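Undergrad: The structure that follows is given in the form of structure tokens.
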Amino acid sequence: MSKTVNKKKGYTSTPSDLLFIILAGFAILFLPIFHLPSTMDEAMQPRLLASGIFALLFVLALWAPSIFKRTNLKVLHNKVFIVLGLYLCFTVLSLFFAWNPRQGLFDVSKTGITLVFMGLFAISISGIVDWINKLAKMALVASGIALAIGIVQYVQYVLLATTPKLEDGLELIYAVKGLMFHKNEYTASLMLLLPLATYAAVYLKDNWRFAGKLVVFLLVLMIILLKTRSVWIGLALGISSVLLLMLVFSNSLGVQARIRKNLLIAFIAGGAALTVLFSIPKPANEQSLFGRLRSVTDPNSNDNIHRLKIWKITANIIKRNPVLGVGAGNWEINAPAHFKGKFNHISQLNWTRPHNDYLWVCSEKGIPGLVLYLAFFFFIVYNLLSVIRLSSIPEHKAISLLMLGGLVAYLVVAFFNQPYERLEHQLMLAIFGAASVVMRHAAKPAKGIVLSKMVFLTTLAILSLFTIVYGIAAVSHESHIRKAIDARNSGNWEEMLNQSVLGKNNLTSLDPFAFPAEYYQGMALANLNRHKEAIEALQLARSQSPNNIWIHNQMGQSFYNLGKYNHAQKSVEKVLNVLPKYKEALISLSAIYYQKQRYGKAYQALTKIEGWQNDPQIVANIKVLQEKQKERQRLINEQGAGKNP
């Protein structure tokens with residue numbers, strides 16, 4: 001295997017270009033399109049598992065004597081690796097104080113594999129002459145694939161749609177999600193490709209440059225059409241930060257006076273345009289492009305009002321657990337305990353994340369965890385700014401500037417969404433982090449103790465192996481639960497029971513909908529009239545997610561069928577504490593009171609249902625209850641008359 005040497009100052013020998021191409025090709029080209037239709041979330045757990053397998057094989061390849069002896073780890077002497085390693089340790093520590101430690105293992109695996117890839121990228125690119133060009137070309141190909149999928153979906157589901165909305169009531173644009181399986185995550189993935197695509201449009205040659213310009217145009221156009229407001233804001237501030245840095249570091253970047261003048265004019269014009277846009281009255285159609293833009297600053301917008309509520313709930317969780325948080329992965333377990341009085345409809349309860357990465361990290365890992373998380377970004381930014389100031393390589397300055405814009409955009413999106421959840425986004429950050437380390441080392445070689453190759457590779461192998469073990473369990477869990485849900489939808493309760501039992505393991509707990517396997521097991525048993533066993537399963541489900549009202553709702557039904565009306569009432573009341581107008585729960589409560597011969601209470605429960613007058617069955621039940629109350633009153637009157645002749 002030939003040795004690659006870049007004669008530019010600061011570079012050292014590393015594994016061959018082939019290994020780098022394989023590594024980058026996996027992260028940029030293969031991973032974003034790999035998915036398993038058999039899992040509930042076709043991308044999240046399968047891609048984590050694939051990353052673990054690839055990383056372990058790559059680390060084993062680095063152990064080959066011909067490669068091992070050339071691996072130079074001096075480039076790794078950077079605080080970015082230290083803070084991410086400490087953040088990983090703190091994530092593990094938080095599990096010791098979590099209600100459900102198993103639920104945090106995904107976070108541990110994802111953070112660990114991100115650290116692995118950042119290390120692999122750093123040692124792989126540090127000795128390659130044209131690594132930036134290679135990355136940029138791969139980003140163009142990846143962008144082309146992502147755009148092609150998105151364009152086809154946009155034409156099929158939006159332009160050629162025959163209905164005004166999707167079946168679940170969402171806007172048609174939500175069907176455009178690439179292979180990220182959610183519109184917002186797809187838009188964020190396009191945004192993160194822009195720095196490398198922009199570099200290609202400016203610095204590559206001939207057909208590659210033309211392709212870069214076309215891809216940048218299409219990426220921006222698709223981002224606009226997808227109407228993801230957080231990405232709009234992130235992209236705008238990312239571009240603004242690039243322009244501002246060009247002014248601040250004009251000497252280091254070689255920005256001419258004429259260009260500086262044009263940049264100042266652009267800033268003033270942009271500010272004036274925004275002022276005019278946000279002074280225009282809001283349009284009637286909030287889902288239009290302009291309506292989406294204007295809704296950004298409207299706290300009463302349907303897209304904002306519940307998000308602000310969930311932020312307040314998360315802030316309250318942080319206030320109660322400021323040091324260690326509630327444990328990695330446990331926000332979705334703790335948050336429902338604070339839902340009382342906050343929401344009015346069942347559709348408003350589908351919160352498994354707080355839609356703000358900073359609040360999310362702080363609530364699960366406390367303030368120290370948030371500090372470490374932010375420190376990771378701080379040192380990447382510091383490295384990139386150092387490259388702009390110190391490097392003598394124009395390409396390094398250019399890509400550093402663009403990556404800084406990408407980081408600003410990511411940090412803005414993270415304020416409104418949860419890119420932290422998706423491994424694809426984290427691996428792009430790993431590339432940015434590794435690039436910042438390598439380029440800073442090239443500009444100013446790091447000094448200090450060099451990590452042992454054996455320790456380094458062993459650590460990466462252990463983290464990769466853990467990711468594989470967890471990933472296998474998680475993929476198996478989701479595959480069986482998906483089959484259980486399919487069986488439920490077809491009314492095959494025996495199959496649902498079988499698949500839900502197979503879906504249980506010691507490394508996973510809740511599925512993407514925040515339900516444990518035992519919840520589905522209990523539902524299947526209940527529908528098989530095995531209510532005693534159903535309650536046992538549901539109690540195990542409750543032990544994993546004690547604030548999940550749907551577990552309590554299912555328990556209430558089984559308690560009712562066993563004639564344990566007091567237990568049933570307590571379960572149903574937990575549902576009504578969160579959703580006081582929930583029709584099904586009020587009907588259940590009325591039935592419980594009826595069995596307890598508390599007809600007045602049963603009547604009150606039914607009359608709390610909104611629009612009960614328009615439901616013939618409820619009206620009929622109310623008449624029955626009124627007759628029961630009259631009959632009881634008649635008996636009371638007769639008994640009273642008998643005592644007083």
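The values are calculated or read from the model by the stated rules, or taken from the named source; none is laboratory data. Keep in mind it's a predicted model, so treat the numbers as computed, not measured. With ideal geometry, Cβ positions are generated from the backbone for all residues, glycine too; neighbour counts draw on all protein chains shown. Accessible surface areas use protein heavy atoms only, side chains included; no ligands, DNA or RNA. Shrake-Rupley method; radii C 1.70, N 1.55, O 1.52, S 1.80 Å.
Undergrad: Net charge around Asp303, counting only other residues with Cβ within less than 9 Å of its Cβ (Lys, Arg = +1; Asp, Glu = -1)?
TA: My count for the surroundings of Asp303 gives +1.
Undergrad: Please state the shape class of region 361-459: rounded when a/c is under 1.5, otherwise prolate if a/b exceeds b/c and oblate if not, all from the C-alpha gyration tensor.
TA: Cα axes put region 361-459 in the oblate bin.
Undergrad: Now a separate question. Of the cross-linked pairs Lys340/Lys570; Lys365/Lys504; Lys177/Lys227; Lys504/Lys564; Lys137/Lys227, which ones have a Cα-Cα span greater than 18 Å in the structure shown?
TA: Beyond 18 Å: Lys365/Lys504; Lys504/Lys564; Lys137/Lys227.
Undergrad: Please give the calculated 222 nm ellipticity per residue for the chain, where each DSSP H segment of at least 4 residues contributes -39500 (n - 2.57) and the sum is spread over every residue; nearest 500 deg cm²/dmol?
TA: Result for the chain, helices only: -22500 deg cm²/dmol.
Undergrad: Continuing with this model, one more query. Indicate the gyration tensor shape class of the chain (rounded, prolate or oblate), computed on the Cα atoms with a ≥ b ≥ c the square roots of the eigenvalues: a/c under 1.5 is rounded; otherwise a/b larger than b/c is prolate and the rest oblate.
TA: It is prolate, given that a/c is not under 1.5 and a/b is the larger ratio.
Undergrad: What net charge is computed for the residues neighbouring Tyr594, neighbours being all others with C-beta under 10 Å from the C-beta of Tyr594, Lys and Arg scored +1, Asp and Glu -1?
TA: In short, +4.
Undergrad: Taking the Cα centre of each part, how many Å lie between region 290-312 and region 428-483?
TA: Taking the Cα centre of region 428-483 as reference, the centre of region 290-312 is 37 Å away.
Undergrad: Taking only protein heavy atoms and a 1.4 Å probe, what accessible area per residue, in Å², does the chain have with all protein chains in place?
TA: 45 Å²
Undergrad: Now for a separate question. Return a whole-number percent for the relative contact order of region 11-162, with Cα pairs under 8 Å and 6 or more residues apart as the contact set.
TA: Relative contact order of region 11-162: 42 percent.
Undergrad: Still on this structure, I have one more. Helix 616-643 against the longest principal axis of the chain: what's the angle in degrees, Cα atoms only, rounded to the nearest 10?
TA: Helix 616-643 and the main axis of the chain meet at about 40 degrees.
Undergrad: Using only the alpha-carbon atoms, how far is helix 583-595 inclined from the longest principal axis of the chain? Give it as 0 to 90 degrees, nearest 10.
TA: 30 degrees
Undergrad: If the cut-off is a Cα-Cα distance under 17 Å, which aspartates and glutamates reach Lys205, setting aside same-chain residues fewer than 8 apart in sequence?
TA: Counting by Cα, and skipping residues close in sequence, Lys205 has these aspartates and glutamates nearby: Asp130, Glu395.
Undergrad: Share of the chain's accessible area from carbon and sulfur, percent, 1.4 Å?
TA: Carbon and sulfur atoms account for 62 percent of the accessible area of the chain.
Undergrad: If contacts are Cα pairs under 8 angstrom and at least 6 residues apart, what is the relative contact order of region 438-523 in percent?
TA: Result for region 438-523 is 24 percent.
Undergrad: If a/c stays under 1.5 just call it rounded; otherwise compare a/b with b/c (prolate if a/b is bigger, oblate if not). Do that for region 27-184, with a ≥ b ≥ c from the square roots of the Cα gyration tensor eigenvalues.
TA: oblate
Undergrad: Which net charge results for the neighbourhood of Asn621, defined as the other residues with beta-carbon distances under 12 angstrom from its beta-carbon, given Lys and Arg at +1 and Asp and Glu at -1?
TA: Counting the neighbours of Asn621, the net charge comes to 0.
Undergrad: Measuring from label point to label point, each 7 Å out along Cα→Cβ, what is the Ser392 to Thr275 span in nm?
TA: According to this spin-label approximation, the distance is 4.6 nm.
Undergrad: Compute the relative contact order of the chain as a whole-number percentage, counting only Cα pairs closer than 8 Å that sit 6 or more residues apart in sequence.
TA: Reported relative contact order: 19 percent.
Undergrad: Okay, moving on. To the nearest 10 degrees, how steep is helix 517-527 against the longest Cα principal axis of the chain, on a 0 to 90 scale?
TA: Around 30 degrees separate the two axes.
Undergrad: Could you tell me how far the Cα centroid of region 188-231 sits from the Cα centroid of region 488-511, in Å?
TA: A separation of 43 Å, based on Cα centres.
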